[in-house]
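Here's the structure, in structure tokens; my notes come after.
The values are calculated or read from the model by the stated rules, or taken from the named source; none is laboratory data. Remember, it's a predicted structure, so these values are computed and weren't measured experimentally. Here Cβ is always computed from backbone atoms with ideal geometry, including for glycine, and neighbour counts include all displayed protein chains. Heads up: the accessible areas ignore ligands, DNA and RNA and are worked out on the full protein's heavy atoms, side chains in. Shrake-Rupley method; radii C 1.70, N 1.55, O 1.52, S 1.80 Å.
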Amino acid sequence: SEIHMPEPVCLIENTQTKGLVVQQEALQVLSEITQPVVVVAITGPYRTGKSYLMNRLARQRKGFSLGSSVQSHTKGVWMWCVAHPCRPGHTLVLLDTEGLGDVEKGDTKNDIWLFVLTVLLSSTLIYNSKGTIDQQAMDQLQYPCCVVKLAEHVKLKAAPKESEDKLEDSEKFVLFFPTFIWAVRDFTLQLERDGEEISEDEYLENALKLKAGSSPKTQRYNQTRECIRQYFPDRKCFVFDQPASKKDLVHLEELQNSKINPEFQQQVEKFCSHVWKKSPPKTIPCGHIVTGNLLGKLAATYVEAIQSGAVPCLESAVLVLAESENTVAVKEAVTLYQDLMERRVKLPTETVQELLELHSQCEQETLELFTAQASQDGIYSFHAELVRQVEAVKVKFCMENEQASRDKCEAALRDLSQDMERRICDGVYSVSGGYQLFKEDQQALVEKYREMPGKGVKADAVLQEFLQSRKTLAKSILNTDLSLTEKDKELRREQDQCERAEQEREVQRQKEAEDKVKLQSQLRSCEE
């Protein structure tokens, strides 16, 4: 799912009429990224060279538009997704934001929301400014009231209880907020304090020190510093010399390395190396890592809240991500269950219990996969949905098991009954005594059928249906048998009568012969 984008695309457009609008092209790109994402965003005053640093983080000289005048060139938030240089299997998402404080915009309301979106979407936030970190730089950061009013523009819970209101402090917000890098461009000071050399990070911490006192001036001085210290405990600073002469700055992206200040080149390499190696993957509370697909949903959720006049709710956004993540987890778990059942179940099974035992094994593995992948937020409803879908697939397998058994048994009975069908056609059973012969052959067929293995759960039911279907045939053979038997008895009675009549005639003939002999004997005696 690694994405190779030849150039950046607009993620959130800042329009005059519709306000902030999420671009579908960018969401489509993000939807195809299933890898974890490291989201590095840059913000700061307009025309301070933000886009140049982002191009270098993409390991390119061109990409994000640098512009060539004091007019702010980036409108809204632009996105570039590239393969991460140091984290295999991760995608680096670079977000270049519209410059803060562009006087030509007139309405600076969206400056606040652009900053808030940058904070909420990124895992590392780079604030880019020029010169030094002095009160003017602090005022520029305070200018859109972003840092000072972060808590006013973001809420943790959709409907917090009164007892929880006091808990919505900087410590809770930090769970959602990125690491912070202050990039100071065209830095002109020496990194030292009281004559001793200091690091860039020490320079930043010194600039963020608070003043004692409660006067309005002191409060104004401390306000932005206090917010940075509270909301961004993980912070770092990089300073950069001017990259080239003023006339060459217009074409900085096209300059040969020989014309770019060597110190500046080293500083950029150090900066990029740190961002690549130290910027963490984007996560949400509970430790779930955000993928490109989820990042797109997160951006759309926040912008939708802003456009509706509401304040982005971190809990709601987490629930949206959890819902998306859990929907995918349910789908993948159901697919796993189906695959496991198809591999392990050989239809038809001999018993229903055999199928149910295999179902239990596959269901257990399915639930383990779901539990490992799912977000804990709202997991119970998705767990119930998974069980429902698994049950539906199980029922489908049970029906297929019964059908497979039925098909196999019916085929077996068709094969076994072929000889009897031929004998029926040949009239073997259409004789006196044919019914007894039919019963003997059918009983032999049933015994052979019962000896056959692997018939499945519908073996008895199909046999009974088969025998039931042949009752009419059996009755017909019986009637034929009975009819033929009665005719045979009538013939035998007639034959017996004929035989007795013949015997009686024979007896009469013999008597007549004897009488004749006697008469002749008497006549001879008389004559003599």
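Before moving on, here are some points about what is shown:
- Test: residue in region 74-96 that is farther than 19 Å from F115 by Cα, in contact with an Asp or Glu (Cβ under 9 Å, 6 or more places away or on another chain), modelled with pLDDT under 90 and loosely packed, with under 15 Cβ neighbours inside 10 Å: no
- Of all the criteria given as (1) open to solvent by 30 Å² or more (accessible area, probe 1.4 Å); (2) not in a loop (DSSP other than H, G, I, E, B), the one not satisfied by L204 is (1).
- The set of residues from region 301-330 being open to solvent by 20 Å² or more (accessible area, probe 1.4 Å), of a type in the set (S, T, Y), within 16 Å of L117 (Cα to Cα) and at pLDDT 80 or above comprises just one member, T301.
- Among the criteria (1) open to solvent by 30 Å² or more (accessible area, probe 1.4 Å); (2) out of contact with any helix residue (DSSP H, G or I) (no Cβ under 8 Å at 6 or more places or on another chain); (3) of a type in the set (G, A, S), the one G427 does not fulfil is (1).
- In summary, R59 fulfils each of the numbered conditions (1) surrounded by 16 or more Cβ atoms within 10 Å (Cβ to Cβ); (2) basic (K, R); (3) assigned to a loop (DSSP other than H, G, I, E, B) with the single exception of condition (1).
- Cβ-Cβ contacts under 7 Å between residues 6 or more apart (or on different chains), taken from a first residue in region 332-354 that is of a type outside the set (A, V, I, L, M, F, W, C) and part of a helix (DSSP H, G or I) to a second residue that is open to solvent by less than 80 Å² (accessible area, probe 1.4 Å) and at pLDDT below 90, are listed as E332/Q373.
- Residue in region 511-523 that is touching a residue at least 40 places away in the same chain (Cβ under 8 Å) and either farther than 30 Å from P348 by Cβ or open to solvent by 100 Å² or more (accessible area, probe 1.4 Å) (or both) present: no
- For region 380-396, a residue qualifies if it is farther than 19 Å from E357 by Cβ and among the basic types (K, R), and exactly one does: R388.
- Unique residue being in contact with a helix residue (DSSP H, G or I) (Cβ under 8 Å, 6 or more places away or on another chain) and of a type in the set (D, E) when the list is E391, E400, E365: E365
- The set of residues from region 2-33 being of a type outside the set (A, V, I, L, M), farther than 16 Å from L295 by Cβ and either touching a strand residue (DSSP E or B) at 6+ places or on another chain (Cβ under 9 Å) or open to solvent by less than 30 Å² (accessible area, probe 1.4 Å) (or both) comprises H4, E7, E13, N14, T15, G19.
- Filtered residue count, region 274-300, keeping only those that are open to solvent by 40 Å² or more (accessible area, probe 1.4 Å) and either small (G, A, S) or not assigned by the TED database to the domain that holds V93 (or both): 1
- Only listed residue being within 30 Å of L355 (Cα to Cα) and of a type in the set (D, E, K, R), chosen from E465, E421, E440: E465
- Residue pairs meeting the criteria (Cβ under 9 Å; at least 6 apart or on separate chains; first surrounded by 14 or more Cβ atoms within 10 Å (Cβ to Cβ), in region 431-445; second at pLDDT 90 or above and basic (K, R)): L437/R423; F438/R423; D441/R423; Q442/R470
- L473 passes every criterion in (1) closer than 23 Å to G427 by Cα; (2) outside the structural domain of R423 (by the TED database) apart from (2).
- Of the candidates T118, T124, the single residue that is at pLDDT below 90 and either surrounded by 21 or more Cβ atoms within 10 Å (Cβ to Cβ) or charged (D, E, K, R) (or both) is T118.
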